[in-house]
1. From the list Leu32, Leu47, Leu61, which residue is buried (at least 16 other Cβ atoms within 10 Å of the Cβ) and either touching an Asp or Glu at 6+ places or on another chain (Cβ under 8 Å) or farther than 22 Å from Pro4 by Cβ (or both)?
2. Quickly run through the stretch 17-38 and pick out the residues that are in contact with a strand residue (DSSP E or B) (Cβ under 9 Å, 6 or more places away or on another chain), in a helix (DSSP H, G or I) and farther than 15 Å from Glu86 by Cβ.
3. Is the stretch 65-78 home to any residue that is out of contact with any Gly (no Cβ under 7 Å at 6 or more places or on another chain) and part of a helix (DSSP H, G or I)?
4. Which numbered condition trips up Ala50, out of (1) modelled with pLDDT of 95 or more; (2) of a type in the set (Gly, Ala, Ser); (3) not in a strand (DSSP E or B)?
5. Which of the residues that make up the stretch 47-86 are free of Cβ contacts under 8 Å to residues at least 40 places away in the same chain and of a type in the set (D, E, K, R)?
Amino acid sequence: MNAPSFISLTEDQFDEQFGHIPNEAGSFFHDLDWTPEIETALHERRLWTAVDGDMGETVLLSGAHYVNRFAYVIAERPHDTTTNYEVILDA
């Protein structure tokens, strides 16, 4: 079995390839509450986790993660299961 590939994207590349669905208040980030919407996004491979990076930057990681997380992002389109993605967000 092959190990998943790893791709680093810019914020613009993320927007072009996956898009995002804002929360009810129109924000990019969704709370960490585990809602049916978050559960569905996870199963449809549209869930991304916002984490604090090692250098103080904000990083999006495809899928559900728990270390250093502070919010979720729900994408419009799914990521594939053979790739791990990261997006370093512009400051």
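The values are calculated or read from the model by the stated rules, or taken from the named source; none is laboratory data. As the structure is a computational prediction, the values presented were derived from the model and not from experiment. Here Cβ is always computed from backbone atoms with ideal geometry, including for glycine, and neighbour counts include all displayed protein chains.
1. Leu61
2. Residues satisfying the conditions are Glu37, Ile38.
3. The answer is no, given that none of the residues of the stretch 65-78 is out of contact with any Gly (no Cβ under 7 Å at 6 or more places or on another chain) and part of a helix (DSSP H, G or I).
4. (3) is the only condition that Ala50 fails.
5. Asp52, Asp54, Glu57, Arg69, Asp80
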